[in-house]
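Before any comments, here is the structure.
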Amino acid sequence: MTKFKKILLGSASLVLVAAAWAADLGASKSAGLVGEREDGYVGYVNTVPADVQTMVQNINNQRRAEYERIAATNNLSRQQVEALAGKKAIDKTASGEYVFIGGQWQRKP
């Protein structure tokens with residue numbers, strides 16, 4: 001096997017391992033690590049591992065970009081879209097998972 005193929009194979013293996021260990025939003029919600037906030041973003045319920053922090057930051061960045069696109073398309077402020085998205089996300093949150101309402105985390109009944 002050539003050196004290039006070994007490096008390529010090693011890199012591919014690292015990517016697969018990283019993907020296998022990557023944080024999953026659904027699992028993180030079920031574990032009580034994160035929850036939906038009223039402002040349309042995901043938040044940390046308590047201290048979370050670095051991979052969960054990275055996942056939440058990535059999700060929130062993607063959401064912010066989408067909220068800005070929706071706001072521009074519909075002549076709304078981003079804050080209006082965030083509030084609507086937050087309500088929808090909280091409504092869709094499963095019973096027993098955390099939601100941030102009225103300034104505090106609580107388990108959804």
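Positive-end ranking of Gln104, Ala85, Asn60 along the dipole of the range 23-107, with charges on Cβ about the Cα centre, is headed by Ala85. Derived from the Cα gyration tensor, the three semi-axes of the equivalent ellipsoid of the range 62-107 are 24, 10, 8 Å, largest first.
Normalising the average separation of contacting C-alpha pairs (under 8 angstrom, six or more residues apart) by the number of residues puts the relative contact order of the range 23-107 at 36 percent.
Its Cα centre serving as origin, the range 23-107 has a Cβ charge dipole (Lys and Arg +1, Asp and Glu -1) of approximately 140 debye.
Considering only Cα atoms, the convex hull volume of the range 23-107 works out to 82 Å³ per residue.
Read-outs throughout are calculated quantities, based only on the coordinates presented, and are distinct from any laboratory measurement. All values reported here derive from a predicted model rather than from experimental measurement. Glycine also receives a Cβ, built like all others from the backbone with ideal geometry; neighbour counts cover every protein chain displayed.
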